[in-house]
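K.L.:
Encoded as structure tokens, here's the structure I'll be asking about.
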Amino acid sequence: EYWQSTLPPPDKSLIVMLADGYGPSIHTMARDVRRHLANNATLRLALDDFLVGSAFTGAIGNLITDSAAGATAYSAGRKTFNGALSVEPMTPESDGDCAAS
């Protein structure tokens, strides 16, 4: 009980920012452009402090993922095919489990 009383209260909200088509290379390019324009080789973007990870999402049957299939992977934890949002595959060999891929 003592340790529970010393813990800070749990957060009530979690903000997740998912930028469509945005990856580490785009972020690096944006930073490089800002550094060049500002003539400051150590300039940091405001987002640098918040960028903590990335994920790879591949659609069923395609390494390139469109927005709908990517959103399905993030929100439902399941793979789908491009052009579909939260639709499971109809074939038994493609279970769509993101954890297995």
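K.L.:
Only residues that are of a type in the set (A, V, I, L, M) and closer than 24 Å to Y74 by Cα: list them for segment 1-50, please.
P.N.:
Applying the first criterion (of a type in the set (A, V, I, L, M)) to segment 1-50 yields 7, 14-19, 26, 29-30, 33, 37-38, 41, 43, 45-47.
Answer for segment 1-50, where residues must be of a type in the set (A, V, I, L, M) and closer than 24 Å to Y74 by Cα: L14, I15, V16, M17, L18, A19, I26, L47.
K.L.:
Is it true that R44 is in a helix (DSSP H, G or I), at negative phi and open to solvent by 70 Å² or more (accessible area, probe 1.4 Å)?
P.N.:
Values: in a helix (DSSP H, G or I): no; at negative phi: yes; open to solvent by 70 Å² or more (accessible area, probe 1.4 Å): yes.
No; evaluated as a whole, the condition is false for this residue.
K.L.:
Next up: In this structure, is A100 on the phi < 0 side of the Ramachandran plot and modelled with pLDDT under 85?
P.N.:
Values: on the phi < 0 side of the Ramachandran plot: yes; modelled with pLDDT under 85: yes.
Yes; evaluated as a whole, the condition is true for this residue.
K.L.:
Further question on the same structure: If you scan segment 48-75, which residues turn out to be open to solvent by 50 Å² or more (accessible area, probe 1.4 Å) and assigned to a helix (DSSP H, G or I)?
P.N.:
Residues satisfying the conditions are D49, S67, Y74, S75.
K.L.:
Kindly provide the set of residues from segment 64-89 that are among the aliphatic types (A, V, I, L, M) and over 22 Å from M29 (Cβ atoms), ordered by number. Let's see the steps before the verdict.
P.N.:
Restricting attention to segment 64-89, the residues satisfying the condition of being among the aliphatic types (A, V, I, L, M) are 64, 68-69, 71, 73, 76, 84-85, 87.
Those that are among the aliphatic types (A, V, I, L, M) and over 22 Å from M29 (Cβ atoms): A68, A69, A71, A73, A76, A84, L85, V87.
The values are calculated or read from the model by the stated rules, or taken from the named source; none is laboratory data. All of these numbers come straight from a predicted model, not from anything done at the bench. Backbone-built Cβ (ideal geometry, glycine too); neighbour counts: all protein chains shown. For the accessible areas, the whole protein counts, side chains as well, though only heavy atoms, and no ligand, DNA or RNA atoms are used. Shrake-Rupley method; radii C 1.70, N 1.55, O 1.52, S 1.80 Å.
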